[in-house]
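The next block holds one structure in the form of structure tokens; read it before the comments.
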Amino acid sequence: MSNSHLFLKSGFPRAPLQNGVGRYICQLQRITLKFCKNNGSSRGMREFIEKQLIDFAKENPGTVVYVKPRRHRTPVIVAEYLNGDREWHNCRNLSKEEITQWITLMKTQNGSSSSLRLRKMWHTDMPSIQGPWTPFTLKNPASNLVIFPNEELSKPLDVEKSATEKLIELFREQRLSEGKLEENRGN
Amino acid sequence: MSFYFKTSRLLVSRCNSIALQVPKNVRNIKRWVAPTLRELNKRSKNVSSNEEIQKRSTFIEWNYNSEVFAFGKRLQENFNLVTLQRAFVHSSFITQEENRQKQLGIENPEIMLQDNDSLITAGQRLLFDYVTAFLEHSLPKVPDEGIRAFTTYLTSISNLAVISKNLGTFDLILSDNIDDLTLANTLLALIGALHESSGDEKTYLFVRDFICTQLNQKDLYEIWEISSPFESLRSYCLQNKLAVPECRIIGETAKNTVLSAFHVGIYSKKILIGQGFGEDVETAIQTASIKALRKFYGISDNMRPFDFRIKLENKYSEKVKLNG
Amino acid sequence: MSFLLKNIVNLPRSGSINQLTSSFRCLSLTSQLSTRHNLNYKPPKIIAKPITPIIPQRSPSEDLKACDNIISKVNNVISEKEEGRLFAVIHLCGKQFKVTSGDIILVEGYWPPTIGDEVRLEKVLLVGGNDFTLIGRPIVDKNLVNVQATIIEKTLTHTKTHFKKKRRKQYMRINFQRSPNTMIRINSIDISGQIQANSLEKDDSTKIY
């Protein structure tokens, strides 16, 4: 089996610099596309650069795009983020559409996400608004004046009826119903 | 076992390449060994590497002008590019350049750059004004002392440096060395530059969105600690013509043990104004008076959250309304 | 062991057992142990006295009055803007989150909104302040509560490994997968307008929940 998770770091959801509380800032600082001008594995990348790169750069003026041709090497995307993260992605033999998808992913994330396992899907610094419960919460103030040991308060809260008591009750009910029957007969 | 022990010891002593020898009694090497060694190797390399981190500006793919342009656009501001570029140039960089040129034999070195000193001073004033205005508007009941504490926290060098770094100024700064002070000063210069290019409203929004938002979900009591709370509460009550506060124990448990807890309420004219817990009565009184004071100042735990969407116009109009 | 047993047997004598509830007593071993080992032991006398729950009996008109009173109090708090920090339980993509303004939540799986989008979360199951809680049946009125949020990140999870193996069947499959994640920042929770007692009885058969 794969051992890739052995040293995977885990963490909790955080956003850099309270992002989104004020205005939203795209965290992708710069992106570098490296490719070969004549190798087949860079075909998709070349197509992307020819057809979509200008639009991408116009739509995202906050991201600096560098294009770096190099001979006989695999095409690669390198994204650099405001928090200092650097994500490297191999684009060998990828089509134009696949490259678009990867670049969109790099644009929309806050840093390199593959290196962190999230332990929670929620983050707050204010876990309780109505206050945590304590034994004193909603306590009757009158209980402050009670002197212990107190017979009334020492009793258990729920006492089930004993068998004898149940029998007595049954007996009484029977007597009552018999009485009623007799009354009916008398009438 | 001793084999693994040995390898790990080798690693600790910063050995980068490890020759794996399969010992006699062990049939196979466990599958966790290779990734672990790889990871340890990586870490030891990171620790021991003496190479200086290459500045991003020394890379081939680096264009300073487009970086500066993108910086402005990323913050969704329309900076004047010349002013923005000036905001990144520190005076130390200019003197450094002059010295270098002199060393090369140029007698009258000419550097076509202006430093950002004036922008920094302007930015400092603006930042202080806007932060104070925001806090005074959001926390109307807090005394000046508190507002000062919050302003000091927000405009502290360490706080500004973190913000500045996360806005991506690090690679763009022109200075002889980059420390927290340089980073913070660059942010101040940016505020000055923005005021020069876009005016009051935009600058205020910048300060609100990047500096004031640092107070989001922060415990304000950690920033401003009230000294001698009960005395402060008493003087507050005197000033505001409330009855003198009285303390009463309203609950206690496990008295005379290590785990004792006291619940104290503070009353002013038989009205409960605060309650707190403590391991002894004195602590409980302190916590209760802190609670009461925070309630009076409007900065209790469940206070109304800050409104980070408030605009400068609204505030001015409200002020005018109040005055009129 | 025998020492322990002795201690347990001695427990019922101490009288502390009196304070346990009967259901608890049924669960405990002590009563069984005590009958078996200590024949002289007599169970403590329990006087059965059913405790009537203290619920004041009120007529429907009085109930309505009390209800109106509470609602007007809550309305008063809201109109004076003294409700403080609000929290809400929202239903989003099949999950419920308890949020307050400034929180971060994550939606797992495919979800169309993209970064920078400002959305309003309409399925609010519950809103609460310091002194009151409004519970929806099943959701709080859309016009009453306004929960605003911003999308701040859309990304993929770390690589998850799915490994299957059947023993002695020469069957092994390994799959790697990353699913989309969306990070959302809650900007504000507001109660706009007044709470009405009869708003609950409105005809909401046309609503899609």
Percent RCO, i.e. relative contact order, over the range A:1-117, from Cα pairs under 8 Å lying at least 6 residues apart: 36 percent
Cβ-based net charge around A:Ile147, under 15 Å, with every Lys or Arg adding one and every Asp or Glu removing one: -2
Note: the range C:84-196, point scatterers on Cα, Debye, no solvent; log10 I/I(0) at q = 0.22 Å⁻¹ equals -1.17
For a label point 7 Å along the Cα-to-beta-carbon line of B:Asn80, residues of the range B:156-195 with backbone N under 15 Å: B:190-195
Grab the other residues whose beta carbon is less than 13 angstrom from that of B:Val68, score K and R as +1, D and E as -1, and report the net. +1
Which FRET efficiency value, to the nearest 0.05, do you get for C:Thr133 and B:Lys269 by plugging their Cβ-Cβ distance into 1/(1 + (r/R0)^6) with R0 = 35 Å? 0.70
Additional length obtainable on full extension of the chain from C:Asp190 to C:Leu156, 0.36 nm per residue less Cα span: 9.1 nm
When the Kirkwood hydrodynamic radius is evaluated over all pairs of different C-alpha atoms of chain B, what value in angstrom, to one decimal, is obtained? 25.4 Å
Relative contact order for chain B, counting Cα pairs under 8 Å that sit 6 or more residues apart, in percent: 14 percent
Ratio Rg/Rh [Cα only; Rh per Kirkwood] for the range B:228-297: 1.01
The summed charge of the C:Gly109 Cβ neighbourhood (under 14 Å; Lys/Arg +1, Asp/Glu -1) stands at +3
Given the alpha-carbon gyration tensor of chain A, what are the semi-axes of its equivalent ellipsoid in whole angstrom, ordered largest first, with each equal to the square root of 5 times an eigenvalue? 77, 25, 18
Between the DSSP loop rule and a limit of at most 15 other Cβ atoms within 10 Å, which chymotrypsin sites (Phe, Trp or Tyr not before Pro) in the range A:1-95 are left? A:Phe7
Förster radius 45 Å - calculated FRET efficiency between B:Asp129 and B:Lys102, Cβ distance, rounded to 0.05: 0.65
Using a 7 Å offset from the Cα along the Cα-to-Cβ direction at both C:Arg58 and B:Asp180, what is the distance between the two label points in nm, to one decimal? 5.8 nm
Taking the C-alpha atoms of the protein assembly as shown, how large are the radius of gyration and the largest Cα-Cα span, Dmax, in Å? 35.2, 137
Cross-link partners of A:Lys51 among lysines (Cα-Cα below 23 Å; sequence separation of 8 or more within a chain): A:Lys34, A:Lys37, A:Lys68, A:Lys96, A:Lys107
So, in Å, what gap is there between the alpha-carbon centers of the range C:131-166 and the range B:74-149? 41 Å
Just to be sure I understand the model, the point goes 7 Å from the Cα along the line to the Cβ. What's the resulting B:Gln114 to C:Cys93 distance in nm? 4.9 nm
On alpha-carbon atoms, Rg over Rh for the range A:90-156 using Kirkwood Rh? 1.54
Pairs of alpha-carbon atoms within less than 8 angstrom and 6+ residues apart define the contacts here; what relative contact order does the range C:108-174 have, in percent? 31 percent
For the range A:114-160 and the range A:1-47, distance of Cα centres in Å: 46 Å
For C:Met183, B:Met303, ascending order of other Cβ atoms within 10 Å (fewest first) is B:Met303, C:Met183
Residue pairs, from the table B:Lys241/B:Lys269; B:Lys141/C:Lys73; B:Lys291/C:Lys81, whose Cα atoms sit over 18 Å apart: B:Lys141/C:Lys73; B:Lys291/C:Lys81
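Quick note: the coordinates plus some simple rules give every number you see, no bench work behind them. Bear in mind the structure is a predicted one, so any value in this text is a computation, not a measurement. Heads up, the Cβs are rebuilt from the backbone with ideal geometry, glycines too, and the neighbour counts pull from every protein chain shown.
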